[in-house]
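**Student:** Have a look at the structure that comes next, please.
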Amino acid sequence: MPNKNDILIAIKNLDIFLKIPELKGAIVRSNANGQPYFFTGGFTMVFQLTKNLKKWAFRVWYIGFNQQKERFHIISNYLKSQNLSYFADFIYDEKGLLVNGELVDTIRMEWLDGDLLKDYIEKNLNNKKKLQDLADRFMLMCEYLHKHNISHGDLQHGNILVDNNDNIKLIDYDSVCVPAIEGKEELITGLRGYQHPSRFKSANKASLKADYFSELIIYLSLCGLAENPLLWYKFKLKSTEVLLFSEEDFTNLQKSEIYKDLSNLTSKIIKVLLNICTDYLNKPSYLDLKPFQSYLDPAELIQSCEIYGKEIPLPKPEIVDFHVLKGEISIGEFIDIYWSTRNAYRCDILINNGYKTIRYENVGIYGNKKFLISELKGNMNIYLVTFDMNQKESITRNIIVKEKISNYPIQNENVSNKSGEEKPYSSTLGDKLWMGIVVAFAYLLIGAVVLIIGGLILESTIGKNDSNILIYKIFGNICFIGFPIIGFIQGFKSEK
């Protein structure tokens, strides 16, 4: 494989060494010294190229690995099939760059603008709601990755981006594991301040469980910084490669400085998360872990409290996300409902279609589901109901979906919606025939008038003769036959 210096030389001379037709003429971003701007991620150097105002992340490997091409084709195809917004589409280009006489494979993807995780935290350090919202969105992302059988494999501050709309994006896919890769050689084990110690003790296989520990560390760190932003300065997080926890903290967590600082906070959920982290570190392998979200189910929380002999009040259920993709709906259409909760024991969805309320019980504490709307009268109300450990309704949230006026044929009457607009009327065959006859009769009368006026004009200008009488007969046929036919066609085509 080429070294970094060789790659830099090739990047400086893209017009000669770049072999991807779609990127021919691209310009590389430079730093203040005029050298190509880049950062390293996984086994690659990442450059920013611009072609026709579109920015690309251009990745070149300086360390190769087995089955590189096959692996990335599997990852690319699987991520496209799952269509999650957390990932960017990428293109694997074989022999994309000539480096020191060797054609090497490259990857390009659309450049994602935004702040890396630490930069976003620093910008919003004194905005507790922003940081807590980020933590909630991060947990929701983790749940979706689990549901779609994806692990990133190297979750850490350098691989998490927050865009201008506060949406989370993941970058650097060398370590991604999907079902077809699980059990193959693990390429990257991640940063030590984010990973379970067992991940570095022996050669491991790629696993869909690889993110469980780092997910907890990131979520707990975000909650901790939201509660006490001074931790950012105390542990000098701006210049470190960790996020609150270091590798040394994991050797004896309860004796660590960060454990003491977090334990002193009043947040109950942070105390629960610290218990989960202690439980994680008592496991011999990261493959023995369960997602931390499962511990937040009340039954698991009780078990966790019993293990450590502590009484921790169960946090109340919260609705993290609840939305639909359509703001209007009509009969016969499907509506997609998405929801995510925290600390809920059970969730129900209720749909009131104007005629009755249908209840769907135990739909899960998060997920998405399609519902066919077979009946609808006016606006539709959709309710998400959460239950606590005692099976008592805790929080209910409502979404109103407006009735969309459909174009179904409606006979006998015009029906108005609530805004006063009328639904389109579709005429029957009898209506069309009757209208054709009425208009044909009207055209017949018009033809008679035209014939009389035309006869008077002919008689006054030409006089009476055989040719005049012939013209008059032809004109009469047009008026008494042609006009009614035209009138019938016009009436038949018209809508009532």
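The values are calculated or read from the model by the stated rules, or taken from the named source; none is laboratory data. Because the structure is predicted, anything quoted here is derived from the model rather than measured. Ideal geometry is used to build each Cβ from the backbone, glycine not excepted, and the neighbour counts take in all protein chains shown.
**Student:** Tell me yes or no: at least one residue of the range 108-128 is of a type in the set (A, V, I, L, M) and over 26 Å from residue 250 (Cα atoms).
**Tutor:** yes
**Student:** While we're on this one: Count, please, the residues in the range 166-185 that happen to be surrounded by fewer than 18 Cβ atoms within 10 Å (Cβ to Cβ) and either in contact with a strand residue (DSSP E or B) (Cβ under 8 Å, 6 or more places away or on another chain) or in a strand (DSSP E or B) (or both).
**Tutor:** Count: 5.
**Student:** Can you name every residue in the range 468-496 that is at pLDDT 70 or above, farther than 10 Å from residue 451 by Cα and not β-branched (Val, Ile, Thr)?
**Tutor:** Once the filter is applied, which keeps residues that are at pLDDT 70 or above, farther than 10 Å from residue 451 by Cα and not β-branched (Val, Ile, Thr), the range 468-496 yields 482, 483, 484, 487, 488, 490.
**Student:** Could you please let me know if residue 144 is touching a strand residue (DSSP E or B) at 6+ places or on another chain (Cβ under 9 Å) and under 24 Å from residue 366 (Cα atoms)? So that I can check it myself, show each step before the final result.
**Tutor:** Values: touching a strand residue (DSSP E or B) at 6+ places or on another chain (Cβ under 9 Å): yes; under 24 Å from residue 366 (Cα atoms): yes.
Taking the combined requirement at face value, the residue satisfies it.
For (1) of a type in the set (S, T, N, Q); (2) outside the structural domain of residue 342 (by TED's automatic domain parsing); (3) at pLDDT below 95, each residue gets a yes or a no:
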{"position": "84", "(1), (2), (3)": "no, yes, yes"}
{"position": "91", "(1), (2), (3)": "no, yes, yes"}
{"position": "96", "(1), (2), (3)": "no, yes, yes"}
{"position": "122", "(1), (2), (3)": "no, yes, no"}
{"position": "128", "(1), (2), (3)": "no, yes, yes"}
{"position": "136", "(1), (2), (3)": "no, yes, yes"}
{"position": "186", "(1), (2), (3)": "no, yes, yes"}
{"position": "189", "(1), (2), (3)": "yes, yes, yes"}
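**Student:** Please give the number of the condition residue 360 fails out of (1) loosely packed, with under 15 Cβ neighbours inside 10 Å; (2) under 26 Å from residue 274 (Cα atoms); (3) of a type in the set (Phe, Trp, Tyr).
**Tutor:** Going through (1) loosely packed, with under 15 Cβ neighbours inside 10 Å; (2) under 26 Å from residue 274 (Cα atoms); (3) of a type in the set (Phe, Trp, Tyr) one by one, residue 360 breaks only (2).
**Student:** Look at the range 52-76 and say how many of its residues are over 16 Å from residue 90 (Cα atoms) and of a type outside the set (A, V, I, L, M, F, W, C). Walk me through how you get there before you give the answer.
**Tutor:** Here is the first cut: in the range 52-76, the residues over 16 Å from residue 90 (Cα atoms) are 52-53, 62-67.
Now drop any that are not of a type outside the set (A, V, I, L, M, F, W, C), which leaves 52, 62, 64, 66-67.
Qualifying residue count, the range 52-76: 5.
**Student:** From the list 198, 151, exactly one residue is touching an Asp or Glu at 6+ places or on another chain (Cβ under 8 Å) and among the polar types (S, T, N, Q). Which is it?
**Tutor:** On the way: 198 fails: touching an Asp or Glu at 6+ places or on another chain (Cβ under 8 Å).
Within the list 198, 151, the selection yields 151.
**Student:** Another one. List pairs: first in the range 144-164 and not assigned by TED's automatic domain parsing to the domain that holds residue 43 and at pLDDT 95 or above, second acidic (Asp, Glu) and part of a helix (DSSP H, G or I), Cβ under 8 Å, 6+ apart or cross-chain?
**Tutor:** 155/215
**Student:** If you scan the range 8-55, which residues turn out to be under 20 Å from residue 113 (Cβ atoms), among the charged types (D, E, K, R) and touching a strand residue (DSSP E or B) at 6+ places or on another chain (Cβ under 7 Å)?
**Tutor:** Residues satisfying the conditions are 29, 55.
**Student:** Also, I was wondering about something else. If I filter the range 136-165 down to residues being part of a loop (DSSP other than H, G, I, E, B) and among the polar types (S, T, N, Q), which single residue comes out as surrounded by the most Cβ atoms within 10 Å (Cβ to Cβ)?
**Tutor:** Only one residue fits best here, namely 156.
**Student:** Right, here's the next one. In the range 159-181, how many residues are of a type in the set (Gly, Ala, Ser) and closer than 17 Å to residue 107 by Cβ?
**Tutor:** 1
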